[in-house]
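Q: My questions all concern the structure below.
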Amino acid sequence: MLRLLHFPRATAPEARSASVGVDPLAELAALATRGDRSAQRTLLVTVGPALLRVVRGVLGSGHPDVEDVLQEAMTAVHAALPAFRGECRVLHFACRVTVQTALAARRRAGYRQRITPATAPEELADAPSGELSPGEAHRAAECRRALRHLLDELPEPQAEALALHIVLGHSVAETAAAQRVPLNTARSRLRTALASLRERVAADPALLSLLEPEA
C-alpha cells in the first residue's frame, strides 16, 4: 500500500473506533432510516467533522466551496440512508457518499479556473504548520495538487477508491466494503489509480519522495 505523506486524512478517533467491533452508529442510523428526525440530526452532527475533513481533503482546504459541498454531502447522506444495508460501518458509508459528492463538485465545469492565486496557497494549511520546512511544505502542497488533479481525470470508480484509500486512510478491505465490490476489484482499482499517481509525480524526484511504501 502507498501512503501520500503530509496528506490530511479524515480519520477522526470515531472513525478508527468504528473500524472494529460493534458499529457505535448502527442503532442511530437504523432510527434515522426509519424517519426519526432527532436521530437524523444527531447522526449528521456526529459524522459532520469527519465529512468536513473528507471535503477538505478532496477539494483542498482553501477551496471556496468547501462549506457548500459539505452541506450538499450532508443532504446526500440523509437521502442515501434508506439504501444503507450495513455492508460497512455507518461512518464509512457516510464518508463514501461525501467522497462521491466532493468528486462530483471537482468535476463540475470551471473547477480549476476557480482556484485563484488568492486561494491556492491556503492548501499549505493541509500540512501541520511547524512540522515541515518551507520547501517541504511547498513540495507536499504540489503533491496534493497532483493527486487532486488526478482525481478529475481517473474513471470514477478508481478516483473514488483512491480518495477512500489516501484521503480517508481506508485499507483495501475497507475500500472494498465501502464500494460494495469484491476485495480483488478494490485492489485492482487502487493498483491502477496508484500507478497513475506514480506516473504523474515520477518526473519530479521531490514529489516522488513524498510517496513511500507502507506494509
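The values are calculated or read from the model by the stated rules, or taken from the named source; none is laboratory data. Here the structure is a predicted model, which is why all the values come from computation and not from measurement. Cβ coordinates were reconstructed from backbone atoms using ideal geometry, including for glycine residues, and neighbour counts include every protein chain displayed.
Q: Would the range 104-123 turn up any residue that is under 27 Å from Pro182 (Cα atoms), modelled with pLDDT under 85, surrounded by fewer than 21 Cβ atoms within 10 Å (Cβ to Cβ) and not β-branched (Val, Ile, Thr)?
A: Looking through the range 104-123, at least one residue is under 27 Å from Pro182 (Cα atoms), modelled with pLDDT under 85, surrounded by fewer than 21 Cβ atoms within 10 Å (Cβ to Cβ) and not β-branched (Val, Ile, Thr).
Q: Which condition does Leu132 not pass, out of (1) surrounded by fewer than 18 Cβ atoms within 10 Å (Cβ to Cβ); (2) more than 23 Å from Ala80 (Cβ to Cβ); (3) modelled with pLDDT of 70 or more; (4) of a type in the set (A, V, I, L, M), if it passes all the others?
A: (3)
Q: In addition: Is it true that Leu91 is buried (at least 17 other Cβ atoms within 10 Å of the Cβ), at pLDDT 95 or above, under 14 Å from the mean Cα position of the chain (by Cα) and of a type outside the set (S, T, N, Q)?
A: So Leu91 does not fit the description; no.
Q: Just the residues that are part of a helix (DSSP H, G or I) and either surrounded by fewer than 14 Cβ atoms within 10 Å (Cβ to Cβ) or of a type in the set (D, E, K, R) (or both), please, taken from the range 27-46.
A: Within the range 27-46, Glu27, Arg37, Ser38, Arg41, Val45 meet the criteria.
Q: Sort out which residues of the range 164-183 are assigned to a helix (DSSP H, G or I) and among the small types (Gly, Ala, Ser), and write them in order of number. Steps first, please.
A: If we filter the range 164-183 for residues that are assigned to a helix (DSSP H, G or I), which is where we start, we get 164-167, 172-179, 183.
Once the filter is applied, which keeps residues that are assigned to a helix (DSSP H, G or I) and among the small types (Gly, Ala, Ser), the range 164-183 yields Ala173, Ala176, Ala177, Ala178.
Q: If a residue has to be without any contact (Cβ under 8 Å) to a residue 40 or more places away in the chain and basic (Lys, Arg) to count, how many in the range 82-104 make the cut?
A: 1
Q: Which of the following residues is under 22 Å from Ser196 (Cβ atoms), exposed (fewer than 13 other Cβ atoms within 10 Å of the Cβ) and at pLDDT 80 or above: Glu67, Glu153? Even if it seems obvious, please write down each step before you answer.
A: On the way: Glu67 fails: under 22 Å from Ser196 (Cβ atoms).
Within the list Glu67, Glu153, the selection yields Glu153.
Q: Look through Ala186, Ala161, Ala215, Ala141 and report the one residue that is small (Gly, Ala, Ser), part of a helix (DSSP H, G or I) and modelled with pLDDT under 90.
A: Just a single option satisfies the conditions, and that option is Ala141.
Q: Next question, about the same structure. Please enumerate the residues belonging to the range 162-205 that are over 18 Å from Cys88 (Cβ atoms) and touching a strand residue (DSSP E or B) at 6+ places or on another chain (Cβ under 6 Å).
A: Filtering the range 162-205 for residues over 18 Å from Cys88 (Cβ atoms) gives 188, 191-205.
Matches in the range 162-205: Leu194 only.
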